[in-house]
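The values are calculated or read from the model by the stated rules, or taken from the named source; none is laboratory data. No experiment lies behind these values; they were computed from the predicted model shown. We place every Cβ from the backbone using ideal geometry, glycine too, and count neighbours over all the protein chains shown.
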Amino acid sequence: MSPTGSGRTEVLAFIDRAERDGDAAAGRRLDAVLSALFGACLALGAELVPFLPDAAARITGQCTPRQGRLPAPSPVFRRLG
């Protein structure tokens, strides 16, 4: 699922359904999980700098907001082979 386009719409629809079914905390839990994931990605980018500086820059770039929004998702590593 991507954070933009139909993937984002699917996430929002899931939260709406959960809240309609009586789970008012669904959105808050999702925010907490995404926040932890975002922090882990930033930490990974910082930790990889000495070993894989180019990859670290790509990871950090994917987690750096521009004009209040994250950039469109793109692969950090090209396919091997």
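Some notes on this structure:
- Total residues in segment 40-81, condition farther than 24 Å from ILE15 by Cα and either surrounded by 15 or more Cβ atoms within 10 Å (Cβ to Cβ) or at pLDDT 90 or above (or both): 25
Residues are listed down the side, and each one gets a yes or a no for (1) surrounded by 12 or more Cβ atoms within 10 Å (Cβ to Cβ); (2) modelled with pLDDT of 85 or more; (3) within 15 Å of the chain's Cα centre (by Cα); (4) within 19 Å of PRO65 (Cα to Cα):
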{"position": "SER2", "(1), (2), (3), (4)": "no, no, yes, yes"}
{"position": "GLU19", "(1), (2), (3), (4)": "yes, no, no, no"}
{"position": "VAL33", "(1), (2), (3), (4)": "no, yes, yes, yes"}
{"position": "PHE38", "(1), (2), (3), (4)": "yes, yes, yes, yes"}
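- Of all residues in segment 29-81 being touching a Pro at 6+ places or on another chain (Cβ under 8 Å) and in a helix (DSSP H, G or I), the one that is nearest to GLU19 (Cα to Cα): GLN62
- Neighbours by Cβ (under 9 Å, 6+ apart or cross-chain): first from segment 26-44, among the basic types (Lys, Arg); second surrounded by 12 or more Cβ atoms within 10 Å (Cβ to Cβ) and not in a helix (DSSP H, G or I): ARG29/ASP23
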